[in-house]
Structures are given as structure tokens and as C-alpha cells.
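I have placed the structure first, in the form of C-alpha cells, so that the comments after it can refer back to it.
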Amino acid sequence: MSASNVYYELYRRSSIGVALIDSLDELIKDSKIQPQLAMKILSTFDRSISEALTEKVKSTRLSFKGHLDTYRFCDDVWTFIILDVHFKMEGNEAIVADKIKIVANNVKKPGEQ
Amino acid sequence: MLSSANPNVRFFGALTYTVKLNSDWQSIPPESVSQLLLQLLNWFLTLGHGPRYITQKLAATLLLALIKFSESSGSIWPYPIQDVVISVVRNTPTVGTGESIDDEAFQSMVQSLDAHGLSIVLLLCTTFAEEISRADVPRQSRPPLYKLLLDSTHHTLAVIKPILTTPPSSITSPDSFHPILVSVLNSFRAWTISCVSADANAPVVSTLASFLPSVIEFLQIESDKSVYETVVDVLIDFMEWADKLVTAESMKILLALFSSPYAASKIEKVVATLEGNHEDITEAFLNSFISFGELVAKDIAANLGRPEYRRIVDLTAELLRIPGFPIEDENVSNRTLEFWDLFVESILYDDDGTLLASAKDVRFSDTQSIMMQVISLLWIKLRLPDSSIAVQWTQDSRDGFFAFRKDVADLIESSYQLVQTRLYSVLVQFVIDSMSVTPIDWPGVEASLYALNAITQSLTSDPPEFELLQTLLDSRLVSVLPTSPLLRARQTSLSLIASAIPYFQTDAGKKYIPTVVPYLFQCLASPSLALHASRSIFQLCSECATALRDDVPGFLSIYRDMLTHGGAIDAIAKERIAGAIAEVLQQGVDDLALRTVYLSDLVDVLSGYAEEAVRLANDPTAVSDARDIAASALKSLAMVGKACRGVEDIDRISISSTLEHHWNAAGASGRLVKDKILEIVGAISHLPAFAGDITIRQNATGVLKAGLSESLPGPFTWTADVILGYIRDEIGSVGRLDTLQPVLTLAASLVASNSISGTPDIHHLCVQLLEVLYTGALVPNNALTLNSDPDVNQGTLEILSKFLQRYLDVILASPHFESLVLQFAVAMVTAKEPLVVKSAVKFWNDLLNLSPDSQSPAIAHAIKQVIDISGPLLMSAVASSISGAAPRSLVTEYAKLIKTFFRTNTGPAQQWLTVAFQIENCTADKARARHTFVEKIARLRGRPPTETIVKDFWIAERGQTFDYV
């Protein structure tokens, strides 16, 4: 199996992913690159952002409490909808949210031959 | 390459094989697959005598081929383990034997294997199990591979069982036996875990699990570290799948093992050994001990009366006595925390999460004592290292140590449900005891405050702990803290004060506010404490304003000094203090005249600060500093403005006229304060050095916006003409258009504001605002060209949206209506910048969603006219965009617009979109596809799956096969 299939594509929907897609889209439209190259670049993006988030983002501790309203596990993806959530961050900072949704995917082993 | 004499080249050959298989396996015809497998097996056997890493790579390559071709060629190799054994015995590669040979014959073949032959068979067994369980094996390939694994188990067992069931006492040649045993254990572990993944209920899983007692026996082989560690690895992995793999018999054996004198002696040795210099196998033993504890934490909680369970609890607590700092010196205490969390949770809650225990429940007195002891031991572990020690730590050690402290804080918080006031009392006593020695034991004070903070932040209502806080505040703690050489002791005390705000709100707590607040202000002087201190001051002032009302003059004095001499103090801290004082004024000082006097003083202090900015701004070398000070002064004013917002339940009618006179009548004391605030904003905004400066504009508009949500007059509620004047000045001043964004946001807030809605000539002012925006921002911005500024365009669209909500009649009657709506807002639907398009789509969606029933007939008619005129233009723009011109991210936006159009104006929208598609010449096929698309959309009338259909249409028009996400 090629490494390109190992990483999740979910970060393509993030702001930076959307910006990349639009840029690639424009290049394809202007016939400056082939769609196959765009897909390759997006695969690289999937890998790089996954690695960057794992390795380069400083871990910040946060705890939260709330009422679990809904949970489901479908196609290896956990989804939790939590109501009346109180987040407690470092330095006693607190944030309150009426509703949050947590989507959790399995961490896959990336790109090993 | 595989024939090379150089082992590195041989390895590279194997690696190349893997890469090639990954990329081009589909090009191999099915009839050649067996040949390929045979070739790989041949290399595996041939190179089996060479370095291990090459054999391993070849085994992985062979298994990769098996996995790949299982996808397409079905059962190409039904008995892989059997064939490998046959191949090794006969020294001839054999692949694809059609039948399983009988058990006896196979057993005799296995027995004939020499040590080398056995080792490469075991290597293949391990690799086989590991490769099949890899996360990247395609989902569709798994069922046949898992079946193959389960079906091959009896062959693997035939290979490993003789070794696995050898009693340790009967091993006569450990030097030759132990390496094989390690390989067998690894195969056993990998194979069993893979079988559980394949089908946890398969009969072979029970068979494999029945060998665990034999594995545990090998713990006797302490002399060989690799055997011991491998046995422990098997145990830990099995414990993760306990319900399937740890049978009742195995559980009994493990419980006996970990509660035995053997376990106690191991832990005793660890505790007696300094700084992680444990004997080799101890680390492995501790790992299995802790894993077992986690496995049975729930049982322990339910059976504390049974000696073997109780012994495990006592031994786990004993582990906390290991000397040294967690992470840096020892890595054990941190690993026990998960056990304690599970233990406490199991005591407190049942399986449904219902609370079982309470501090008053006598049944739990034993558990309470255990947790009190555990937290006392952890208190020692919480202590900070001396600076001479800490300086030698790596960043990882530091991060790990502080993460450990937070985990302990979480445990303390969750245990508190169980132990409650008793623990709080002990921790308060720890503080007092740590202060009673000479010199003061500051790490002890800090650790106690840290633990107290973990509890205090979750206290609610008026708990008994508040009386204990009183004990703490009656001690000399607050008076000695400023002398502490341990900065973190002061930081932790600041966090504790912030957590104890509910206490300071009580009658008992209020009397301590005058003790605490000066300490907090004292901390402001230290740049590294100022942020913590200012946060606590702000919270204390906003929550306990009444108690602090008499201290305002003192605060003002300190604040003046802070702005004059506190150059190194963070600007955020300064801004918070301004807000904090204003909170006290607004909530704590009831007398309007007195409040105004204080507010005037506060504004004077900020005025002095702003003057400093003005002075520096005249010096070309100090403009940057001037900008920082000016921005901070304006931010502070905005903080004051936010704090001065009125209380919601105030009796509006009775005081409205009084407030109107006080804050707005010429010469009234309140009005004078307001004038001073405006002077500060004006003085800074009009400085040539800051003309068009976006930072200054952002902060100045923050001051002007502070009162826009108010419905009663106040110090920050400006009349609309004041704000309009500022907008006019800024739009007319020198500066780049792209710095206008804050001004446009202010204009949008003004339109939506409560405070101006009652202004008699509001319509006239709104007309003026539109005029200023049109002539000052849009015309110079050349808004209808592609080169216009996106921020200005987006800001203008937001203002237009606000006008739709509040003053629809003004915009419909505006002489610039045609330019603003029918040209500008239409053109922006196809702007280059995604954010502008989103704002434009929002504007049109808002307009289309306006209900005609809630409008006057004249306005409803005007709206219909707007839609009739703009509809064809918008549908033309949308048609062009979804035909491939739009970037991917905007397809959803255009789909939203189509949805709203077809929901609110189905018939005309269908006609407009049809016409828009007809303008462009296209092939008959394409025209048919477009017609079908419009028909589909019209049938849906804005319902799902309109968005998906639009997206699919965009993909088809692009001639692509993928949609990127």
C-alpha cells in the first residue's frame, strides 16, 4: 500500500487546507499543473500536517466537563456531542460553551514500508 | 542486489523489492504470483544465515506480497507456515501446497528443525502476524487474511508449543535455549494479539490464552534480562486484552505473583535504590506490576478486605516512596497515577457513573485513609527542585515534571470527593508547618498551595473549607510571601487567590480582601508575576467590588505609579488594572457623583499616559514606542468602557433622565469626563505619526464601540454624530484604504447599536453614514473593479447587511442604492477573495430571507423589485461560477445562494438560471446536462441534497473526477 493512502484527509477542510486546494484548483484551471500532481501535493499535505500537528504543536493541557448528549462510533470514527461544557485551561482560565462536537479518528501508523 | 557480497546492498535490494511491490504489484499477472512468492521465499531461505535485518526485511517483503495478492488472487498460499517449515527442512522453497499434511508428520518435521531453521520459521511467524495487523492493510483485504491467520494457528502452535511448555527447571543449556525462547515468546505474543484482532471469540484465542500460565513460569529466569523483559511484554499485552486472554486461572496466578513476598522484595529494593539505579529486570517487573494494578483496580476497590488485593494497594503506595524527582530521577511514581485515578473512580462511582461514596460514609473510611496517605506521599513528589538542580534539567525533564504535577492536581481534585475537608485541613497544616521552620521551607509551602489550589478551584457554594482558608489567611503566609526567593511560590499563591474568589465574596472572606489586594498589587511590580497578579486583581475587583470601594483612591495611586514607572510591566497587566478599577467603580460605588469623580481621576491617569505617547510620537526615533503606549492607553480606555456597562435589571425609567443629564448635558460633571475620553481618542487619532495606522484605529474604535450595546446613557455612550464624525474624519484622513477595516466595523456596529436607536434623527444620520461610506470609501476604492480592496469591500457588505436588519427603508431610499446594492453587492458575488464572496452571499441570503409579510406594502414591493432586477444578474454570476470558474472553497457558498433563491423564488430562479446557462455556447451534451441540473435543483426547492448536486455539477463542468475533500 502506498504511503499516500495512510493519512487522513480531514485536515483538507481546515483553513490552510482550503487555501491550498483553492491554489491548486487555480493552477489546474490555468493548465499549469495536472490534476494528478494536485492530488500528490494534497497527499503530501495530509502527511505533513499530520506530522506537524503531532511533532511541532506544543502540548497544552486542558480539561473539560460537561454532559455527554450523544456518542457514536462509526467507520472507526468516534463522535461525541457534549452540552454545557466548561473548559479549564492552564492558569485557571475558563471557557464555557453550550455545545461542542468532538470527532476522534484512529491514529494510523504513517508511511512505513 | 540481493546477491551482492555487501550486506547493505542486499538490504537495499530487499527494500527495493518492497517499494516495487507497493507501487507496481497490480502489473504482475495472476499466473506469475506463485513464481514471485517462490522467488522471495528462496531469497529468504538463502539469506537466512546472514544479518538479521536483511532476513527481517525479506520476511516483511514476502508477507507484503502475500497481502497484496490476497486482494486480487484469493487464496494463493493456503498453508504459509507449513510450507515454510517444509521449505526449511528440505532446503527447497515450497509455496502453495494444496493440502495440510497430518499433524504427526508436521510435528516430526518441526522436531527435525535445527536452531537456525527454527529461528527463521519463528521470524516468519512473527512477521506474518504483525504484517496482517498493520493499520494500513486495506479493509477489504482483512477478512481473507484474518481467516488465513486463524487457520494457520495450529501450525504455529506446533512450532512454538514445545518450547513454550518447557518447565524452566528442565532447561539444561540456557545459552542456546534462551534466544529461541525469546523468539518463541515474541511469535506467541504477536500471533495471539493478531488473532484477537481477527476474531476475539475464535476458539483458537482460548487455546492460545491457555498458555499464559506457562509463560508466567518463565519469570523465574531472572538471570537473563531479555527473557524476563519479553515475558513481561507478553504479560502487559495480554492484560490489555484481559477479558479474552487472561483466564480465571491466569488471573489467580498473577494475583498471587504480584501480591507475593517476591513482589514486595522487588519493590523494597526499588525504594531503597537511589535515583533509578535499579537492577536490570526491576524496571520490567514494575511495568507489569503497574499494568496489573490498572487491570484489577476495580476489583481491588471492591475487595479491599481481601489481603492479596490490599497488599497490591499498599505496594503501589510504597512505590511513591522511591527517592528523587519524578521524570528526572525516577519514572515510577508518574506511572502509578493512572492506577490511583482508576481506584478512586471505582470507589466513588458504579458502572453507570452514579456516585456511590461520600466522605461521611463509614464504609469508606479505609479508602479515605489510603488516599490521604497517597496524597501525602505525592505531596513530597510535588516539591520543586532547588534552582541549582533545576538548571541542570533538560527541557523534556522540566515539561515532564510539570505535567506530572498537573496529573497529581487532577488526582487530588478527583479524590477530594472521597476525602474532602480532612485533606484540605492537612494541606493547610502543611503550609503552616512549612512556614514554621527556619529558614522557611518554600518548596513545601508551594507544593501545599499547589495542592490546595487543585481543590479550591472546584469548591462551590459555602463549603467548610472556607473556614480553613481563613486559618491560612490568619497565618503569616501573605506577609512572608513577598520575601520568598522561590518565584513559583508567589505564582502559585496568585493562582490560589484567583481560585478562592468565591470565598472573598462571603462575609467572612471580605475582611481579608484588604490583606490580599495589597499583596497582589505588590506582585505587579515583578514583570514575571504581573500577568498572574493582574488577572487575580481583575477577578477580585469584578467579583468583590463592594468590598473594595474604599480602596479606590489607593488603587488609583498605585496605578498612576505603575504607568509612570512600570516600563517593564506587560501592557496587558496595565490594561487589566484599568479595567479592574473601573469594575470597582461601576459595581461598588453607588453614589453617581463620587463614581464620576473617581472615573475622572482614572481617565486623568490615562490621559497622562496618552500624553506620553503624544510626546514620544513627535520624536521620529521613538514612534514605535509611542504607538505601543498609545495603543495601550486606548485599550485601557476600552477596558474601562466595558467595565462601565450598566446593570441589566436597573430601573430604567426612573433614572434615565437623571443619567441623560449627568452624562450628556453641557457642563455636567459626567459630560466633562466623556469629553476628556474623547479628547484622548482625538489626540491620539489625529497625530500625524498615527494617521491611518490600523492598530491605533482598532483600539480607538474599541473605545467608541464600548458603549454601543448600552440602552441607558453612560460614560461611553456616544451620540451617533460623535461616532459619525470620527468615521468621517478617519475616512477623510491620509491613510491606505486597507487600514479602514476597523472604521467600517465601527460603522456596522453603529448601525446595529442599541444606544443610538432612540436618537430622533437617526434616519438622517444613517443617510449621512451611507453618504460618507459611499463617497469616502467606495468611490476611492473603485469598488466595482477587480483591484478594489477586499477589506473595504467586506466591511461595506457587513454594513449593508446591518442596514437590512435595522434600517431597510434608509438603504432602499438612498440615492446610492443602485450603486451600492445593484452594482456593488452583485459584483462582489464573483469577487476574487473568498471572504468577500461569503459576505456578499450572506447579504443576498439575508435579503432574500426578508419576509414580505413583516414589511410595509411599499417596502415589500421595493424588495421584490430589487430581487427582480438583481436575480438575473446574480444567477448569471452563479452560473458562471459553478460552471467551473469558482474555486473549490466557494462552491458551497454558491450552493447556499442557489438554495435560498430556489426556496424563496422557485419559478423565476429556474428561469434566470436557465437563461444564464443559455448565454454561453456549448455542446449539445453539455446543454442537456445543464438543463437536467436546473430541473433537479428546481424540484428540490432548496432542500437537500441541493449542495451535493451543485458540487457534482461543478466537478463535471470542470472535467475532473475528484472534489479534493
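The values are calculated or read from the model by the stated rules, or taken from the named source; none is laboratory data. Computed from a predicted structure; not experimentally measured. Positions of Cβ are generated from backbone atoms using ideal geometry, with glycine treated the same way; all protein chains shown enter the neighbour counts.
Against the numbered list (1) out of contact with any helix residue (DSSP H, G or I) (no Cβ under 7 Å at 6 or more places or on another chain); (2) more than 20 Å from B:Pro385 (Cα to Cα), B:Val437 comes up short only at (2).
Here B:Ser607, B:Ser685, B:Ser632 are screened, and the one residue that is polar (S, T, N, Q), without any contact (Cβ under 8 Å) to a residue 60 or more places away in the chain and within 23 Å of B:Tyr726 (Cβ to Cβ) is B:Ser685. Evaluated against (1) touching a residue at least 24 places away in the same chain (Cβ under 8 Å); (2) under 44 Å from the mean Cα position of the chain (by Cα), B:Lys936 falls short on exactly one condition, (1).
Among all positions in the stretch B:546-566, there is no residue which is modelled with pLDDT under 90, within 31 Å of the chain's Cα centre (by Cα) and part of a helix (DSSP H, G or I). Taken over the stretch B:721-743, the criterion of being under 20 Å from B:Leu765 (Cβ atoms) and either charged (D, E, K, R) or at pLDDT below 85 (or both) is satisfied by B:Asp721, B:Arg728, B:Asp729, B:Glu730, B:Ile731, B:Gly732, B:Leu740.
Annotation: of all residues in the stretch A:30-47 being among the charged types (D, E, K, R) and surrounded by 13 or more Cβ atoms within 10 Å (Cβ to Cβ), the one that is nearest to B:Ala885 (Cα to Cα) is A:Lys40. Looking at this structure, is B:Val9 farther than 17 Å from B:Phe69 by Cβ, away from chain A (no Cβ under 14 Å) and part of a helix (DSSP H, G or I)? So B:Val9 passes the test. For the stretch B:355-370, the count of residues that are away from chain A (no Cβ under 14 Å) and farther than 29 Å from B:Phe292 by Cα is nonzero. Among the residues making up the stretch A:48-65, those that are surrounded by 10 or more Cβ atoms within 10 Å (Cβ to Cβ) and either within 14 Å of A:Tyr7 (Cβ to Cβ) or modelled with pLDDT of 75 or more (or both) are A:Ser48, A:Ile49, A:Ser50, A:Glu51, A:Ala52, A:Leu53, A:Thr54, A:Leu62, A:Ser63, A:Phe64, A:Lys65. Within the stretch B:911-965, how many residues turn out to be away from chain A (no Cβ under 14 Å), part of a helix (DSSP H, G or I) and acidic (Asp, Glu)? Number of matching residues: 4. Filtering B:Thr946, B:Thr923 for residues that are β-branched (Val, Ile, Thr) and surrounded by fewer than 15 Cβ atoms within 10 Å (Cβ to Cβ) leaves a single hit, B:Thr923. Quick one: count up the residues across the stretch A:7-17 that are in a helix (DSSP H, G or I) and either surrounded by 13 or more Cβ atoms within 10 Å (Cβ to Cβ) or at the interface with chain B (Cβ under 8 Å from one of its Cβ atoms) (or both). Going through the stretch A:7-17 one residue at a time, the tally reaches 5. Checking the stretch B:580-591 against the condition returns a match, with at least one residue being free of Cβ contacts under 8 Å to residues at least 12 places away in the same chain and over 40 Å from the mean Cα position of the chain (by Cα).
For the criterion of being buried (at least 19 other Cβ atoms within 10 Å of the Cβ) and either farther than 27 Å from A:Arg12 by Cβ or without any contact (Cβ under 8 Å) to a residue 60 or more places away in the chain (or both), B:Phe902 passes. Against the conditions (1) away from chain A (no Cβ under 13 Å); (2) without any contact (Cβ under 8 Å) to a residue 24 or more places away in the chain; (3) part of a helix (DSSP H, G or I), B:Asp399 satisfies every one except (1).
With a cut-off of at least 2 residues that are over 12 Å from B:Thr456 (Cβ atoms), name the helices (runs of 4 or more DSSP H) lying wholly within the stretch B:469-509.
Values: elements: B:477-480, B:487-499, B:501-504.
The helices (runs of 4 or more DSSP H) meeting that bar are B:477-480, B:487-499.
Could you pull out every one of the helices (runs of 4 or more DSSP H) wholly within the stretch B:112-215 that has 2 or more residues that are among the charged types (D, E, K, R)?
On the way: elements: B:115-132, B:142-164, B:174-198, B:203-209.
Fully inside the stretch B:112-215 and qualifying: B:115-132, B:142-164, B:174-198.
Is it true that B:Ile281 is at pLDDT 90 or above, β-branched (Val, Ile, Thr) and either assigned to a helix (DSSP H, G or I) or surrounded by fewer than 17 Cβ atoms within 10 Å (Cβ to Cβ) (or both)? Criteria not met by B:Ile281. In the stretch B:481-509, the residues that are within 14 Å of another protein chain (Cβ to nearest Cβ) and under 14 Å from B:Ser526 (Cα atoms) reach residues that are part of a helix (DSSP H, G or I) and of a type in the set (S, T, N, Q) with C-beta atoms within less than 6 angstrom, at least six apart or across chains, in these pairs: B:Leu494/B:Ser536.
Residue by residue, here is whether (1) among the acidic types (Asp, Glu); (2) more than 25 Å from B:Gln140 (Cα to Cα); (3) buried (at least 19 other Cβ atoms within 10 Å of the Cβ) holds:
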position: B:Met1; (1), (2), (3): no, yes, no
position: B:Asn8; (1), (2), (3): no, yes, no
position: B:Phe12; (1), (2), (3): no, yes, no
position: B:Trp25; (1), (2), (3): no, no, no
position: B:Gly48; (1), (2), (3): no, yes, yes
position: B:Lys68; (1), (2), (3): no, no, yes
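Sub-6 Å Cβ pairs linking a first residue in the stretch A:18-32 that is more than 7 Å from chain B (Cβ to nearest Cβ) to a second residue that is aliphatic (A, V, I, L, M), at least 6 apart or interchain, are A:Leu24/A:Ala38; A:Leu27/A:Ile33; A:Ile28/A:Ala38, ordered by first then second residue. Looking only at the stretch B:402-430, residues that are among the basic types (Lys, Arg) and either touching a residue at least 40 places away in the same chain (Cβ under 8 Å) or in contact with a Ser or Thr (Cβ under 8 Å, 6 or more places away or on another chain) (or both) come to 2 in all.
Of the residues making up the stretch B:428-452, those that are surrounded by fewer than 24 Cβ atoms within 10 Å (Cβ to Cβ), not in a loop (DSSP other than H, G, I, E, B) and not β-branched (Val, Ile, Thr) are B:Gln429, B:Phe430, B:Asp433, B:Ser434, B:Met435, B:Ser436, B:Trp442, B:Pro443, B:Gly444. The set of residues in the stretch B:287-334 being polar (S, T, N, Q) and under 23 Å from B:Asp233 (Cα atoms) consists of B:Asn287, B:Ser288, B:Ser291, B:Thr316, B:Asn331, B:Ser333, B:Asn334.
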